[in-house]
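The values are calculated or read from the model by the stated rules, or taken from the named source; none is laboratory data. Bear in mind the structure is a predicted one, so any value in this text is a computation, not a measurement. Heads up, the Cβs are rebuilt from the backbone with ideal geometry, glycines too, and the neighbour counts pull from every protein chain shown. Accessible surface is based on the protein model in full, side chains and every heavy atom, while ligands, DNA and RNA are left aside. Shrake-Rupley method; radii C 1.70, N 1.55, O 1.52, S 1.80 Å.
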Amino acid sequence: MSLSTLIKGGLAIVAVILLVVYFRDPHRTGLPFGSTDLSPVQKQLARLSTEERHLVESYVKRSRGDVLTPAMADPDDPLTARTFGEAIELERRWNKKMAAEQARMAVFKEQREARLTPLRALVQVSVSKAEILSGSDYRALRDPAFYQKPHGVDDKPVFVTRLSIQNPGDVAIAEFSGSVKAHDSQNVLPMDLCWIDLQREIQAHSDYEIVCGDGRQANQQQKDFVEDTSGRFEVYWEPRHIKLADGTEVDSGL
């Protein structure tokens, strides 16, 4: 057998091996179209590293199985991946972007908290109770004489919060304003609980309770807030302006 024949035979074997490796490469595996079910490709997923497998799973969950064309995709988040390899690349890019955004938001939050801290030291607000009442009971809460008058039955569910306001300082509070909100781990936007604009004096080292509600039918998020025992919601107080009885005024600038 001549040397050239041996070389050609060797090259053919190498080519076959390369083709086998190429087509067995799990990065070439197609993603499920229009579905987040990865069970049909579990064998190929298992051949990826742990990090890459998590990236594929995260991408599929985030994209909900959608595959967009480049022309229709968001340049900042192009959900165009059709294979494991493309999903891994896009998810790494997304994670890098999110890390930068989280760092930026951490700085913003730190600056915001620095403005709020002095005002929170003057007035403390917390939710003492959240409940769903009937429309009639809500109106009776606002007007103690409600049930003494003729009225129709209003049984729609209404979201109501009772807020405890404390003045921990040595000077009476003349007036203050601000908002009470809740971070929802299942929602990007915060949940509005109450806007407070209280024109009433609160003596030093005393507390006061107010009832907050708009009388409208409660939505599912509000019902979830009332029933939450998992820590899904985190209540926070954002004071806007405080005036003390001695004339001192403090503004958060927010």
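Below is a table of values for the structure above.
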| read-out | value |
| --- | --- |
| Residue tally, condition buried (at least 18 other Cβ atoms within 10 Å of the Cβ) and either among the hydroxyl-bearing types (Ser, Thr, Tyr) or under 29 Å from the mean Cα position of the chain (by Cα) (or both), over segment 160-169 | 4 |
| Hey, LEU193 of a type outside the set (Phe, Trp, Tyr), in contact (Cβ under 8 Å) with a residue 12 or more places away in the chain and in a strand (DSSP E or B) or not | yes |
| Complete set of residues in segment 208-227 that are acidic (Asp, Glu) and surrounded by 15 or more Cβ atoms within 10 Å (Cβ to Cβ) | ASP224 |
| Residues (in contact with a strand residue (DSSP E or B) (Cβ under 6 Å, 6 or more places away or on another chain), among the hydroxyl-bearing types (Ser, Thr, Tyr) and modelled with pLDDT of 90 or more) located in segment 110-141 | SER126, SER128 |
| Extreme residue, least open to solvent (accessible area, probe 1.4 Å), among residues of segment 228-253 that are in contact with a Lys or Arg (Cβ under 7 Å, 6 or more places away or on another chain) and aromatic (Phe, Trp, Tyr) | TRP237 |
| Members of segment 81-117 that are more than 30 Å from GLY178 (Cβ to Cβ) and among the aromatic types (Phe, Trp, Tyr) | PHE84, TRP94 |
| Test: residue in segment 152-162 that is part of a strand (DSSP E or B), of a type in the set (D, E, K, R) and touching a strand residue (DSSP E or B) at 6+ places or on another chain (Cβ under 8 Å) | yes |
| Pair list, Cβ under 7 Å, 6 or more apart: segment 50-71 residue open to solvent by 80 Å² or more (accessible area, probe 1.4 Å), other residue at pLDDT 85 or above | LYS61/THR36; ARG64/THR36; PRO70/PRO78; PRO70/THR80 |
| Residue tally, condition open to solvent by less than 60 Å² (accessible area, probe 1.4 Å) and in contact (Cβ under 8 Å) with a residue 12 or more places away in the chain, over segment 79-105 | 11 |
| Residue within segment 106-121 that is loosely packed, with under 14 Cβ neighbours inside 10 Å and in contact with a Phe, Trp or Tyr (Cβ under 9 Å, 6 or more places away or on another chain) present | no |
| Count of residues meeting criterion [surrounded by fewer than 16 Cβ atoms within 10 Å (Cβ to Cβ) and either of a type in the set (D, E, K, R) or modelled with pLDDT under 95 (or both)] in segment 170-189 | 7 |
| Hey, ALA106 more than 30 Å from ASP170 (Cα to Cα), touching a Ser or Thr at 6+ places or on another chain (Cβ under 9 Å) and not in a loop (DSSP other than H, G, I, E, B) or not | no |
| PHE233 of a type outside the set (D, E, K, R), in contact with a helix residue (DSSP H, G or I) (Cβ under 9 Å, 6 or more places away or on another chain), without any contact (Cβ under 8 Å) to a residue 60 or more places away in the chain and within 23 Å of LYS109 (Cβ to Cβ) | yes |
| Hey, ALA121 part of a helix (DSSP H, G or I) and farther than 30 Å from THR161 by Cα or not | no |
